[in-house]
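One structure is given here, and the rest of the page talks about it.
A short reminder: the numbers here are calculations on the coordinates, not readings from a lab. Note that the structure is a prediction, hence the values are computed from the model and not measured. Note: ideal-geometry Cβ built from the backbone for every residue, glycine included; neighbour counts use all protein chains shown.
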Amino acid sequence: MRYISTRGQAPALGFEDVLLTGLAPDGGLYVPESLPHFSIEEIRSWRGLSYSELAFNVMHPFVEDTIPADDFRTMLDETYQQFAHGAVAPLVQLDSNEWVMELFRGPTLAFKDFALQLLGRLLDYVLEKRNQHVVIMGATSGDTGSAAIEGCRHCKHVDIFILHPHERVSEVQRRQMTTVTGDNIHNIAVRGNFDDCQRMVKASFGDQSFLGGKTQLAAVNSINWARIMAQIVYYFHASLALGGPDRSLAFSVPTGNFGDIFAGYLAKQMGLPVSQLVIATNRNDILHRFMSGNKYEQQQLEHTLSPSMDIMVSSNFERLLFDLHGRDGDAVKTLLENASKGPVSIADYRWRQARKLFDSEAVDDQATCDTIRDVYQQNEYLLDPHTAIGVRAARSCRRDASVPMVTLATAHPAKFPDAIAAAGVNVDAELPAHMADLFERDERYTVLDNELTSVQDFIAEHWQHA
Ligand SMILES: *Cc1c(COP(=O)(O)O)cnc(C)c1O
């Protein structure tokens, strides 16, 4: 399997290189040159498999012999043993034909563990083979940082530096990052905001000379193809659990950077019967505005009760635009260059194609709280604010009540106690057993000035073999 750039001007890469690369050199994102396709009979034969066995079947065509099958199976077993539920991604019924799939049973209580637990293992495997080392550098305002740290904590060939804005992340989120100890884990609190952190990461990727040529940077945000790949699996898992592939399913996905729902779109292209995909956004609704009016336009960032979906642009949307444009990299390049300067539209027939693939809804904080409260009253089931947005959008966009509608539950409610309180639900969402002592654990992080050179000097001095 080879991987090509959505902007058409970078050389194609194999799986190993795509794993170690972030953005393509032409500014695009890597996608598989072609997708594997599974027949209904083949998917049906996967009934009864464990999550990890299913993951092997779905992902093997992307990885091929880069990793020998036995090693890949072992890696997947280890990855999904980190999840605190036998089903890995259990389904909970809310109403007639209405479900949530709990993707928050991993080490950091958000769906990002599904991909990052695997990514850390894949990276270490490939780096061991090549006798190489990488430095992961990332900025976080919440979930990605802790999931990435947990994913890399046992890696021998990876150092990870996560920047977060000093005193501007929630205590649970900070502690989830800073209480993980290991010589290769480095938390930096920058005296600045999230954008400052992100700018420093971007500048460092652009000019890596501060590392002295002795190691290189790698990306773990959702532009990394391996993250998307790992997320395709749970769409198959949901289908097989609810009578698929002999009936089709609908999914509603709390969406920020469009990584998670893009994986659902790929599952459908790979042969899984999916009748509806709902893009659920908060008030940062660039995707909903595009789906409703064919205008892709950045707006001011709004802070909401669902911070992991607070985005201005959705980086993975580029991967869909590539398909909508018949995989014409030049067209995508022109479109996105224009989009950085002002609003853009796409040809009407292409936009109609997008509307056939996706429905969408934007949900504000008030409706988020109402949904948390309604579902708690009806089911005694607590939704986190991101999942509540998904459930709300599922209910308003649903087309066929006879088709099971599955909302992806992207985070555990205990991560967002403020939203639960704002909804007026008077219960404490408890942290699961493996995190119950989070507030007693020692923290380790370094506070640095909001200056690129301070951060780069710190990294150059502190990676393990520096
Ligand atoms: C990251 C995240 C999302 C958004 O996922 P995308 O793949 O960026 O669309 C939604 N909910 C939670 C809890 C998240 O952490």
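Normalised by the number of residues in the chain, the mean separation of alpha-carbon contacts (under 8 Å, six or more apart) gives a relative contact order of 19 percent. With 0.36 nm allotted per residue and the present C-alpha distance subtracted, the residue 205-residue 421 stretch has 73.8 nm of extension available. Each semi-axis of the equivalent ellipsoid for segment 39-113 is √(5λ) with λ an eigenvalue of the Cα gyration tensor; in descending order they amount to 24, 18, 10 Å.
Rank the residues 356, 156 as a footprinting-exposure proxy: fewest other Cβ atoms within 10 Å of their Cβ go first.
Placing the least packed residue first, the sequence is 356, 156.
Considering only 353, 131, 194, and ranking their Cα positions along the charge dipole of the chain that arises from unit charges at the beta-carbon of Lys, Arg, Asp and Glu, the one farthest toward the positive end is 353.
Its Cα centre serving as origin, segment 330-404 has a Cβ charge dipole (Lys and Arg +1, Asp and Glu -1) of approximately 420 debye.
Across the chain, counting alpha-carbon atoms alone, Rg and Dmax equal 21.0, 60 Å.
Distance between the pseudo-spin-label points of residue 47 and residue 334 (7 Å out from Cα toward the beta carbon): 5.0 nm.
Considering only alpha-carbon pairs that sit under 8 angstrom and 6 or more positions apart, the relative contact order computed for segment 35-163 is 18 percent.
Calculated mean residue ellipticity at 222 nm for the chain: -12500 deg cm²/dmol, from DSSP H runs with n ≥ 4 weighted as -39500 (n - 2.57), summed, divided by the residue count and rounded to 500.
In loop segments of segment 396-441 as defined by DSSP, the trypsin sites (Lys or Arg not before Pro) with at most 16 further C-beta atoms inside 10 Å of their C-beta are 399, 441. Less than 5 angstrom separates the built amide H of residue 274 from those of 249, all sequence-distant by 5 or more or on a different chain. Taking every pair of Cα atoms in segment 1-70, average 1/r, invert it to obtain the Kirkwood radius, and report Rg/Rh to two decimals. On the Cα set of segment 1-70, Rg over Rh gives 1.07.
Normalised by the number of residues in segment 237-318, the average gap of Cα pairs under 8 Å and 6 or more apart makes the relative contact order 32 percent. Once you reduce segment 85-158 and segment 23-58 to the center of their Cα atoms, the two points are 17 Å from each other. Within the chain, DSSP assigns beta bridges of which about 20% are antiparallel (rounded to the nearest 5).
Note that segment 405-417 has calculated 3J(HN,Hα) couplings of 10, 10, 8, 6, 8, 8, 8, 6, x, 5, 6, 10, x Hz, one per residue in order, obtained from phi through the Karplus relation 6.51 cos²θ - 1.76 cosθ + 1.60 (θ = phi - 60°); glycine and proline are x. Cα gyration tensor of segment 341-466, axes a ≥ b ≥ c as square roots of the eigenvalues: rounded (a/c below 1.5), prolate (a/b > b/c) or oblate? Here segment 341-466 falls in the oblate category. Note on residue 440 and residue 73: their simple-model spin labels are 4.1 nm apart, each label 7 Å out from Cα toward Cβ. Within segment 106-160, the proportion of Cα pairs with more than 13 Å between them is 54 percent.
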